[in-house]
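What follows is a short report on a single structure.
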């Protein structure tokens with residue numbers, strides 16, 4: 001363990017030698033991003049906040065499929081096995097050495113605490129050994145920032161819908177690093193509902209892409225599932241009731257010994273989710289008079305969601321942004337991008353940076 005004098009020397013070096021990097025755009029800063037919030041071990045090198053030099057992802061999805069979902073202990077152990085290899089590969093593909101880096105950005109929450117600790121520990125170790133500044137990044141901030149990678153003209157303010165297995169957030173991006181949450185899920189996240197419904201109709205894990213695929217064969221109007229609204233909140237989400245409605249429908253059909261059309265169930269469930277997401281988002285755009293809208297997170301790669309928002313935004317005269325599927329899933333490029341803007345805004349993390357499983361957006 002580093003002694004107090006060593007840590008003070010480290011912090012002094014960062015504060016005195018690198019502070020100018022936080023206020024200068026004269027040279028394109030190079031950021032190493034590290035992401036281990038769930039079951040992807042990822043590292044990426046990004047230059048200038050928008051140019052991805054490498055994006056390495058080791059996915060554990062095949063392993064966790066055996067258990068029907070992510071097993072936290074297994075995820076943590078796999079991160080430990082792969083983290084060094086993934087970081088080395090990212091640096092190699094980017095043709096970048098540690099001395100070329102301006103900062104190291106790492107996800108420190110929210111997520112699985114054991115998984116987060118692996119990435120945070122690796123980032124702190126590299127930072128301490130090399131003297132490279134460290135920046136802790138919020139996972140949702142990373143997802144939002146994924147939109148900057150392929151949309152070079154996108155700048156705040158804009159509205160962003162973050163939909164994933166653990167999050168459903170409607171966020172007003174006022175500026176780089178400045179967010180206002182307009183709505184969030186009160187219970188199940190959209191991606192969580194997808195996984196549970198997929199399991200119930202026999203599709204298995206991961207539910208999102210499997211429901212999206214089979215729904216194309218079904219009739220989205222075959223079954224009328226509920227579209228929940230939350231009292232006293234126009235923009236909050238609730239998907240628990242929808243999930244329960246699907247389960248009740250399935251049980252009812254089995255009790256009556258009637259056949260279940262899985263594609264129809266999948267398509268009708270998906271339409272109920274999409275209708276709510278689009279309705280809330282369009283209402284927020286109108287109320288806040290925003291003409292730029294983006295989606296982010298794993299569920300943002302869903303084809304039905306993209307098609308619905310493409311149509312709704314076109315009808316409303318709103319410019320629609322979305323990342324490629326590779327940047328919708330958990331990845332380190334989005335963390336490096338978010339870290340770049342935090343770093344430029346003067347954000348620094350110390351060696352006391354810790355994993356925070358339930359970290360709220362905007363907290364530090």
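Find, to one decimal place in angstroms, the Kirkwood hydrodynamic radius of the chain, where the mean of 1/r is taken over every pair of different Cα atoms and then inverted.
Numbers: mean 1/r = 0.0473 Å⁻¹.
It works out to 21.2 Å.
Percent relative contact order of the chain, based on C-alpha pairs within less than 8 angstrom and at least six residues apart? Mind showing how you got there, number by number?
On the way: 781 pairs, mean separation 90.3, N = 364.
Once normalised by length, the contact order is 25 percent.
Taking the beta-carbon count within 10 Å as an exposure proxy, list 65, 185, 41, 107 from fewest neighbours to most.
Values: 65 13, 185 21, 41 30, 107 33.
With the fewest neighbours first, 65, 185, 41, 107 line up as 65, 185, 41, 107.
If the chain between residue 98 and residue 248 were fully stretched, how many nm would it gain, using 0.36 nm times the residue separation less the Cα-Cα distance?
Details: separation 150, 0.36 × 150 = 54.00 nm, distance 5.54 nm.
Roughly 48.5 nm would be gained on extension.
Of all alpha-carbon pairs in segment 156-323, indicate the percentage at a distance above 25 angstrom. All intermediate terms of the calculation are to be shown ahead of the outcome.
Values: 4162 of 14028 pairs.
When all Cα pairs of segment 156-323 are counted, 30 percent exceed 25 Å.
So how far, in whole Å, is the C-alpha centre of segment 304-364 from the one of segment 137-164?
4 Å
Can you tell me which of 357-364, 110-117 comes out highest on packing, and rank the rest after it, using the mean Cβ neighbours within 10 Å? Could the numbers behind the result be given before it?
Numbers: 357-364: 13.5, 110-117: 22.6.
Per-residue mean Cβ counts within 10 Å order the peptides as 110-117, 357-364.
For every helix of n ≥ 4 consecutive DSSP H residues, a contribution of -39,500 (n - 2.57) applies; sum these over the chain, divide by its total residues, and give [θ] at 222 nm rounded to the nearest 500 deg cm²/dmol. Before the final figure, lay out each step's value.
Details: 13 runs with 163 residues, N = 364.
Mean residue ellipticity at 222 nm (helix-derived): -14000 deg cm²/dmol.
At 7 Å along Cα-to-Cβ for each site, give me the label-to-label distance between residue 65 and residue 360 in nm.
According to this spin-label approximation, the distance is 3.9 nm.
Sorted by average packing, counted as other Cβ atoms within 10 angstrom per residue and highest first, what order do 81-90, 118-127 take? Mind showing how you got there, number by number?
Working: 81-90: 18.2, 118-127: 22.3.
Result, highest mean first: 118-127, 81-90.
Only the coordinates and a few stated rules stand behind these numbers; no lab work does. Remember, it's a predicted structure, so these values are computed and weren't measured experimentally. In this analysis, Cβ positions are derived from the backbone assuming ideal geometry, glycine residues included, and neighbour counts consider all displayed protein chains.
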